[in-house]
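Trainee: Can you keep this structure in mind? I'll have questions shortly.
Nothing in this text is a laboratory measurement; each read-out follows from the coordinates by a stated rule. In this text, all values refer to a predicted model and were calculated from it rather than measured experimentally.
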Amino acid sequence: IDGQPNTITSGFNYRIVTYDIMKKARLLEKLHGIRVIFIIEGEGAKFNLVALSITFGAGLAYLGIATVISDIILERFLKKSDKYKKVKHREIADEDDDREEIHSDE
């Protein structure tokens, strides 16, 4: 790492060696920058119905929470919140009233 004594160069650098298919030539690369290594551990090829149902239920819960939070933001904190409220809470005429109006016209 940067600033260590008895090193040839300072900073983040590492070397990679790659060989061609016939192993007649090699390429030595010196790379600079931050090296990020991901280590993933787990158990594969094992299906668990309980874990699937818990994950699916948590996903649905997150979707419901996201809907509530976005509605709160849209209805209370935006400049055009009145317009959003009017569109969201639009009143629709009762179905029986519409039928009476149609039959009275005949």
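Trainee: Under a straight-distance cross-link criterion of Cα-Cα below 22 Å, which lysines are reachable from residue 79, leaving out those fewer than 8 residues away in the same chain?
Mentor: Those lysines meeting the cut-off are 88.
Trainee: Hey, which lysines would be in cross-link range of residue 85, C-alpha to C-alpha under 28 Å, not counting anything within fewer than 8 residues on its own chain?
Mentor: Cα-Cα hits under 28 Å: none found.
Trainee: Next up: If all Cα-Cα distances of segment 40-84 are sorted into 5 Å bins from 0 onward, what percent lands in each bin, rounded to whole numbers?
Mentor: Histogram of Cα-Cα distances, whole percents per bin: 5, 18, 13, 13, 12, 9, 9, 7, 6, 5, 2.
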